[in-house]
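**Q** Here you go, one structure.
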Amino acid sequence: MWHKIKTTLEAYPERLKVARVLIENGLSTKNGKIYLNQIEIPPIRIARVAGVDRRTVNETLVSIYENSELCLIFGEIRSAGHSLKEIAKPLNLGVIEITPTSATTHGILANAASALNKAGLGIRQAIVDDPELSPEPKLTLIIEKKIPGELIPELLKIPGIAKVSIY
């Protein structure tokens, strides 16, 4: 997906910045407007985040509308929803952030879930960064309670896991 967006907009680096903000935030475009699910977002807000001028946002919307593939991508994208990561501590939840050796390694989520299950820990939420959109994709697991330190070596034994951080 990102390859298609990049190829289409690479001649316009500032438009590419706008497209990245839209994708990273799950913002869709319809009829020349930007939406977070059903809430309209003013172009000036996107411009500030992308570090561009409002006109660049509008030009990006035109570029998206004029390209049938981009129109489909941006017309149907949705926000993945809320993340409990930032509020895990006050909720007494644990957070495990796993960095893979390669984002194409299979079974990391399944094996991590299995290790947590063996330790008697349930997963409340799993968030996986898209390797096409994130320069350093991670798997973030929100756990029903604090994570015991002795679980780290077990997780590091899983093939494909480079680093484990616990918050």
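Only the coordinates and a few stated rules stand behind these numbers; no lab work does. This is a predicted model, so every value here is computed, not measured. Here the Cβ positions follow ideal geometry from the backbone for every residue, glycine too, while neighbour counts run over all protein chains shown.
**Q** Among GLU59, GLU10, which comes first, then next, by fewest other beta-carbon atoms within 10 Å?
**A** Fewest-to-most Cβ neighbours within 10 Å comes out as GLU10, GLU59.
**Q** Further question on the same structure: Which FRET efficiency value, to the nearest 0.05, do you get for LYS146 and LEU109 by plugging their Cβ-Cβ distance into 1/(1 + (r/R0)^6) with R0 = 22 Å?
**A** Rounded to the nearest 0.05, the efficiency is 0.60.
**Q** Moving on to the next point. Pull out the extension gain between TYR65 and LYS85, defined as 0.36 nm times the separation in residues minus the alpha carbon to alpha carbon distance; nm, one decimal.
**A** Extra length available between TYR65 and LYS85 comes to 3.7 nm.
**Q** If I stretch the segment between SER165 and VAL49 completely, what's the gain in nm (0.36 nm per residue apart, minus their alpha carbon distance), one decimal?
**A** 39.0 nm
**Q** Next up: At 1.002 mPa s and 20 °C, plugging the Kirkwood radius over alpha-carbon pairs of segment 2-76 into Stokes-Einstein gives what diffusion coefficient in µm²/s?
**A** 181 µm²/s
**Q** Does segment 85-166 classify as rounded, prolate or oblate by the C-alpha gyration tensor (a ≥ b ≥ c root eigenvalues; a/c under 1.5 gives rounded; else a/b over b/c gives prolate, otherwise oblate)?
**A** Oblate is the answer for segment 85-166, as a/c is 1.5 or above yet b/c matches or exceeds a/b.
**Q** Whose amide H sits under 5 Å from the amide H of GLN125, counting only residues 5 or more places off or on another chain, with H placed in the peptide plane?
**A** Those lying under 5 Å, H to H, from GLN125 are ILE142.
**Q** Next question, about the same structure. Sort 103-109, 86-92 for me by packing, meaning the mean count of neighbouring Cβ atoms within 10 Å per residue, highest on top.
**A** Final packing ranking: 103-109, 86-92.
**Q** Taking a point 7 angstrom from the Cα of ASN25 along the C-beta vector, which residues in segment 127-154 have backbone N less than 20 Å away?
**A** Residues passing the 20 Å test: 129-130, 133-135.
**Q** In addition: Given all pairs of different Cα atoms, what value in angstroms does the Kirkwood hydrodynamic radius of the chain take?
**A** 17.8 Å
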